[in-house]
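Nothing in this text is a laboratory measurement; each read-out follows from the coordinates by a stated rule. Because the structure is predicted, anything quoted here is derived from the model rather than measured. Reconstructed Cβ throughout: ideal geometry from the backbone, glycine too, with neighbour counts over all protein chains shown.
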Amino acid sequence: MAEDEAVESFEVRAIAVERLTFFADAVVAIAITLLALDLPVPAGATNAELLRSAGEYRDEYIAFLISFLVVGAHWGGHHRVFRYVTALGGHLNRLTMYWLLMLVITPFATRVLTGDGAFQARFIFYAAVQSIAALALLLMVRDVRRHHLVRDDTPPTVLPEATLRSAVLAAAFLVSMPVSFVSKAAAYACWIVVPFVFGVRRRLIRRRSAR
């Protein structure tokens with residue numbers, strides 16, 4: 001009897017995790033769809049006019065690609081962790097809602113980023129949204145580790161890797177905020193350079209450990 005209750009309790013917890021994961025996946029899909037729906041459509045009666053019109057919207061298209069990759073990175077981190085989670089605990093439900101809120105705001109933040117004037121305010125708003133999303137995921141991973149909410153067969157590198165990825169992503173956006181007051185190009189470069197530097201450093205450490 002006790003064994004049956006334990007099995008039933010495990011199944012209930014597993015279903016709760018599955019429902020939360022499906023909900024998160026659906027919201028992320030909607031956020032990405034909204035990104036595409038906001039893309040301006042080039043106009044022109046000739047090929048030259050169409051290409052010229054598309055060139056005028058290049059900032060919007062680049063911002064879409066950036067946001068698509070960023071949302072994909074957020075979702076990838078969430079997916080890598082929650083595929084091993086067996087129960088909800090700590091503040092996972094609440095943190096997931098905060099995380100999803102930032103992803104839903106991303107299409108709006110993308111439009112703000114590509115607006116005219118007040119670059120620093122627009123840039124910092126976008127970077128803040130992504131920083132909060134990364135920090136929310138970082139806190140989720142912390143709760144998963146603290147409350148031992150993953151399967152016993154979870155690879156030992158999953159949670160440390162997720163922690164590092166989320167921390168680096170948050171750092172890239174946080175560092176870019178003050179840099180935006182110095183240089184627009186350098187501020188955008190932070191989103192690439194910071195993860196790249198951490199990636200190179202991690203590979204060097206792994207090589208030294210292997211030796």
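The Cα-based radius of gyration and maximum Cα-Cα distance (Dmax) for region 60-177 are 15.2, 52 Å.
Treating each Cα of region 97-150 as one equal point scatterer and applying the Debye formula with no solvent, the log10 of I(q)/I(0) at q = 0.18, 0.22, 0.28 Å⁻¹ comes out as -0.61, -0.77, -1.00. Placing a pseudo-label 7 Å from each Cα along the Cα-to-Cβ vector at residue 47 and residue 158 gives an inter-label distance of 5.2 nm. Residues whose amide H comes within less than 5 Å of that of residue 150, counting only those at least five positions distant or on another chain, are 86 (H built at 1.01 Å from N in the peptide plane). For the chain, the longest principal axis of the Cα atoms and the long axis of helix 92-113 meet at an angle of about 10 degrees.
Rounded to the nearest 500 deg cm²/dmol, what is the calculated helix-only ellipticity per residue at 222 nm for the chain, with -39500 (n - 2.57) per DSSP H run of length n ≥ 4?
Values: 7 runs with 170 residues, N = 211.
Roughly -28500 deg cm²/dmol at 222 nm, from the helical runs in the chain.
Counting 0.36 nm for each residue step from residue 101 to residue 116 and taking away their Cα separation leaves a gain of 2.9 nm.
Rg then Dmax, both in Å and based on the Cα atoms of the chain: 20.4, 76. For the chain, the longest principal axis of the C-alpha atoms and the axis of helix 2-37 are separated by about 0°. In this simple spin-label model, placing a label point 7 Å from the Cα along the Cα-to-Cβ direction at both residue 36 and residue 146 gives a separation of 3.9 nm.
Each peptide in 150-160, 112-122 receives the mean, over its residues, of other Cβ atoms within 10 Å, and ordering these scores from highest gives 112-122, 150-160.
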